[in-house]
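*Asks:* Let me give you the structure first, and then I'll get to my questions.
The values are calculated or read from the model by the stated rules, or taken from the named source; none is laboratory data. Keep in mind that this is a model prediction, so the values were computed, not measured. Glycine gets a Cβ as well: all are built from the backbone with ideal geometry, and neighbour counts include every protein chain shown.
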Amino acid sequence: MKLLRNGFLGIGLVIALFSGLAAASENSTKREKRAQEPLRITAVQWGPTQQMVDAAKLRVERSAAMQNALKGTKYHLLAFEYIENGGDKSQASMPPTRFRVVFYDYTNDRTLIAESNFAGTEAVVVREEHFQPNASDEEFNEAVRILQSDARFNSLLKGERLRAFQPMPPITVLSGTIERLVNVGLESQGNSASNEVVSVSLKSGRVIRYDRGAPETSLAAPEACGIPNAGQGTTSNGTPGQYQLAITQGANTLWEMLVIRPSASSGNSFERSGIEVRDVKYKGKSVLKRGHVPVLNVQYVGNACGPYRDWQYQEGSFDAPDAGATDPAPGIRILAAGQIAQTALDSGNDTGNFNGVAIYTQNNETVMVSEMNAGWYRYIMEWRFANDGTIRPRYGFGAINNSCVCLGHNHHVYWRFDFDVVNPNNKVFQVERGRKFLQPITNEITRLRNYQTNRSFLIQNSTGDEAYMLVPNVSDGTADTYGGGDLWLLKYQGTSDSPGELDDPNTNTAANFTPWLNNESLVNQDVVVWYGAHFIHSDNADLLEPNRINPSILSGSYVVGPDIRPIRW
Ligand SMILES: [Cu+2]
């Protein structure tokens with residue numbers, strides 16, 4: 001097996017990758033030969049480039065409006081975000097033409113948002129918003145430098161008796177104040193110092209220590225659980241990386257889709273939605289307009305820590321072997337045949353040589369995987385696209401050393417599947433084992449899984465027979481009060497200016513889709529399915545067992561996600 005270079009096509013490099021499947025034996029039937037023809041994966045850069053994003057940031061920062069707002073202040077640029085077009089849903093997504101930049105002004109403790117367009121024809125408009133963004137790597141590193149020059153921590157950090165890590169929560173605002181404090185976890189290496197989480201003011205250089213060893217909702221105890229922190233740094237919020245992907249086998253195009261790396265994915269700019277796929281087609285027909293994970297959170301037993309709303313833009317490092325691999329666009333690496341990527345869940349370590357989305361073939365699937373950091377968490381997101389049309393989205397949960405994750409906690413992950421099966425208008429049916437007829441779902445509704453009857457949902461083309469079946473896996477857990485439910489079947493909301501309801505409206509950490517359940521018709525309508533999975537994370541093996549699924553499907557056993565299968569395609 002070898003990697004072929006096909007040269008340039010359009011603006012992007014096209015890479016051909018032959019899968020590591022065994023060559024068909026000489027006496028195979030024709031059908032077997034066809035099934036084993038090698039896969040070819042191509043990826044072409046799409047939409048704004050790093051140069052365009054850098055130019056846009058610079059223009060905003062130098063604009064009169066921004067200069068006026070930031071004059072004489074200490075500030076950092078925290079995030080860059082595309083403003084999406086709405087457009088015609090039956091057409092391919094259009095590259096964004098407008099953007100938003102988020103600054104934090106430490107002098108006045110306020111968040112500033114600037115908007116404009118890439119073409120530079122729109123004036124920069126600045127407004128103030130009242131929310132605390134998550135900390136960036138730049139802020140965290142500045143907080144660590146402040147600790148390094150603080151007499152109480154200086155020698156301990158220098159002697160590596162304390163090691164700094166990004167904790168949860170990333171930011172603290174003490175009650176009765178408005179000052180933004182960046183939290184730094186300090187992990188003791190031996191007995192000469194204690195585990196601690198401190199808060200640092202970038203405005204004054206002040207370091208706040210807590211009697212209990214950590215700020216509210218955090219914890220520092222003598223014991224810690226997790227893998228050793230590598231501290232390799234992450235992608236910044238809004239790093240571009242979008243590409244048009246095609247997977248072909250012989251003369252047949254199996255899959256086509258637009259892939260967006262986590263750091264540029266859609267949703268609330270300080271949450272985002274992991275590896276986002278859009279305009280997903282199998283054998284030339286639309287399956288999903290969009291698939292992503294806009295909501296991710298975690299609750300601890302007895303609220304010993306948290307609860308936390310997590311985020312999915314901070315790409316951490318994982319192992320994507322570069323021998324024979326090709327990087328056709330920023331943030332994407334297509335591995336050489338026979339190679340696979342290894343995340344923290346596979347390797348048990350936090351180090352790596354790559355940030356972004358790694359793509360490889362395994363058995364009859366094309367795998368796209370990324371590892372994301374949120375404070376001390378290490379989240380793994382994977383999409384698996386099989387040659388037979390099956391889609392297996394997967395999510396995995398890990399952490400670096402800290403005191404909270406020694407305690408039992410539940411992770412909740414919510415996929416948003418905007419099904420456009422053949423066309424935007426679809427019908428939905430509930431399917432149960434032992435029931436002869438499909439039950440039509442005619443209006444917006446929330447449903448729980450029923451593992452006994454293998455309750456599944458069929459999303460069908462409104463004008464034809466093609467359909468996809470959403471089949472829960474037993475790994476996907478059981479909803480508790482905080483988890484809020486398993487499935488929400490909703491009508492797509494959006495205008496020609498912007499897609500709607502990409503992220504839940506809640507300002508608390510718990511997911512909340514209830515405001516969207518208002519009984520709208522789902523008959524021959526544009527259907528969106530939110531799928532929640534709930535994962536009990538505990539060192540107690542008895543608690544873990546129900547969450548174990550086939551370890552050959554993603555990385556380790558800490559994995560959840562449904563199967564989505566084609567019917568009559
Ligand atoms: Cu966990």
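*Asks:* In region 225-248, is there at least one residue being in a strand (DSSP E or B) and closer than 17 Å to Tyr377 by Cα?
*Replies:* Yes, region 225-248 contains a residue that is in a strand (DSSP E or B) and closer than 17 Å to Tyr377 by Cα.
*Asks:* Let me ask something additional. Counting just the residues of region 408-456 that are of a type in the set (A, V, I, L, M, F, W, C) and surrounded by fewer than 19 Cβ atoms within 10 Å (Cβ to Cβ), which one comes out nearest to the ligand (Cβ to nearest atom)?
*Replies:* Out of the qualifying residues, it is Leu448.
*Asks:* Sticking with this structure for a sec: Within region 274-302, which residues are modelled with pLDDT of 95 or more, outside any strand (DSSP E or B) and either crowded, with 19+ Cβ neighbours inside 10 Å or within 16 Å of the ligand (Cβ to nearest atom) (or both)?
*Replies:* If the condition is that a residue be modelled with pLDDT of 95 or more, outside any strand (DSSP E or B) and either crowded, with 19+ Cβ neighbours inside 10 Å or within 16 Å of the ligand (Cβ to nearest atom) (or both), then Gly274, Ile275 are the ones that fit.
*Asks:* Given the conditions (1) under 32 Å from the mean Cα position of the chain (by Cα); (2) farther than 24 Å from Ala374 by Cβ, which single one is not true for Asn183?
*Replies:* (2)
*Asks:* Next question, about the same structure. Scan (1) at pLDDT 95 or above; (2) within 15 Å of the ligand (Cβ to nearest atom); (3) over 15 Å from Met372 (Cβ atoms) for the single condition Ala336 breaks and write down its number.
*Replies:* Just one mismatch for Ala336, condition (2).
*Asks:* Among the residues that make up region 308-321, is at least one of them buried (at least 24 other Cβ atoms within 10 Å of the Cβ), among the aliphatic types (A, V, I, L, M) and either modelled with pLDDT of 95 or more or not in a loop (DSSP other than H, G, I, E, B) (or both)?
*Replies:* yes
*Asks:* Kindly list, by first and then second residue, each pair from a residue in region 496-523 that is farther than 19 Å from Phe419 by Cα to a residue that is crowded, with 18+ Cβ neighbours inside 10 Å and of a type in the set (Asp, Glu), limited to pairs with Cβ atoms under 8 Å and residues at least 6 apart or on different chains.
*Replies:* Here the result reads Ala511/Asp504; Asn512/Asp504; Asn518/Glu444, each pair linking region 496-523 to a residue that is crowded, with 18+ Cβ neighbours inside 10 Å and of a type in the set (Asp, Glu).
*Asks:* Give the residue, chosen from Glu129, Glu115, Glu122, that is at pLDDT below 95, in contact with a strand residue (DSSP E or B) (Cβ under 6 Å, 6 or more places away or on another chain), of a type outside the set (Lys, Arg) and surrounded by fewer than 20 Cβ atoms within 10 Å (Cβ to Cβ).
*Replies:* It is Glu129.
*Asks:* I'm told Asp388 meets every condition in (1) modelled with pLDDT of 95 or more; (2) among the acidic types (Asp, Glu); (3) in contact with a strand residue (DSSP E or B) (Cβ under 7 Å, 6 or more places away or on another chain); (4) assigned to a loop (DSSP other than H, G, I, E, B) except one. Can you identify the failing condition by its number?
*Replies:* Failing condition for Asp388: (3).
*Asks:* Another one. Which of the numbered conditions does Ile536 fail, given that it passes all the others? Conditions: (1) within 16 Å of the ligand (Cβ to nearest atom); (2) of a type outside the set (Ser, Thr, Tyr); (3) at pLDDT 70 or above; (4) surrounded by 20 or more Cβ atoms within 10 Å (Cβ to Cβ).
*Replies:* The failed condition is (4).
*Asks:* Another question, if that's okay. Here is a check on your reading of the model: is Gly338 over 26 Å from Tyr468 (Cβ atoms) and in a strand (DSSP E or B)? Please lay out each step first, then the result.
*Replies:* Details: over 26 Å from Tyr468 (Cβ atoms): yes; in a strand (DSSP E or B): no.
Here the answer is no, as Gly338 does not meet what is asked.
*Asks:* Do you know which residues across region 84-112 are surrounded by fewer than 16 Cβ atoms within 10 Å (Cβ to Cβ) and among the hydroxyl-bearing types (Ser, Thr, Tyr)?
*Replies:* Ser90, Thr107
*Asks:* If you take the residues in region 506-533 that are crowded, with 22+ Cβ neighbours inside 10 Å and not hydrophobic (A, V, I, L, M, F, W, C), which one is nearest to the ligand (Cβ to nearest atom)?
*Replies:* Among those that are crowded, with 22+ Cβ neighbours inside 10 Å and not hydrophobic (A, V, I, L, M, F, W, C), it is Gly532.
*Asks:* Could you please let me know if Phe397 is more than 16 Å from the ligand (Cβ to nearest atom) and in contact (Cβ under 8 Å) with a residue 24 or more places away in the chain?
*Replies:* No; evaluated as a whole, the condition is false for this residue.
*Asks:* I've got another one for you. Which of the residues spanning region 349-374 are polar (S, T, N, Q) and under 14 Å from Gly231 (Cα atoms)?
*Replies:* Asn349, Thr351, Asn353, Asn355, Asn373
*Asks:* Still on this model: Looking at region 455-477 only, could you name the residues that are polar (S, T, N, Q) and modelled with pLDDT of 95 or more?
*Replies:* Correct list: Ser456, Gln460, Asn461, Ser462, Thr463.
*Asks:* Among the residues of region 347-394, how many are of a type in the set (S, T, N, Q) and within 16 Å of the ligand (Cβ to nearest atom)? Lay out the reasoning, then the answer.
*Replies:* Of all residues in region 347-394, those of a type in the set (S, T, N, Q) come to 347, 349, 351, 353, 355, 361-364, 366, 370, 373, 387, 390.
Right, trim to within 16 Å of the ligand (Cβ to nearest atom) and you get 373.
Total satisfying the criteria: 1.
*Asks:* Looking at Ala135, is it among the aliphatic types (A, V, I, L, M) and modelled with pLDDT of 95 or more?
*Replies:* Taking the combined requirement at face value, the residue satisfies it.
*Asks:* Picking from Gly233, Gly176, which residue would you name as being on the phi > 0 side of the Ramachandran plot, at pLDDT below 95 and among the small types (Gly, Ala, Ser)?
*Replies:* Sole residue among the options that is on the phi > 0 side of the Ramachandran plot, at pLDDT below 95 and among the small types (Gly, Ala, Ser): Gly233.
*Asks:* Of the conditions (1) out of contact with any Leu (no Cβ under 8 Å at 6 or more places or on another chain); (2) farther than 30 Å from Met94 by Cβ, Val197 satisfies every one except a single condition; which number is it?
*Replies:* All conditions are met except number (1).
*Asks:* Any idea which residue in region 365-394 is surrounded by the fewest Cβ atoms within 10 Å (Cβ to Cβ), counting only those that are without any contact (Cβ under 8 Å) to a residue 60 or more places away in the chain and not hydrophobic (A, V, I, L, M, F, W, C)?
*Replies:* So the residue we want is Glu365.
*Asks:* To continue, here is another question. What residue, among those in region 322-333 that are of a type outside the set (Asp, Glu) and not in a strand (DSSP E or B), is farthest from the ligand (Cβ to nearest atom)? Lay out the reasoning, then the answer.
*Replies:* Initial filter on region 322-333 (of a type outside the set (Asp, Glu)): 323-326, 328-333.
Among the residues that remain, those that are also not in a strand (DSSP E or B) are: 323-325, 330-331.
Details: Ala323: 33, Gly324: 34, Ala325: 30, Pro330: 30, Gly331: 26 Å.
Within region 322-333, the match that is farthest from the ligand (Cβ to nearest atom) is Gly324.
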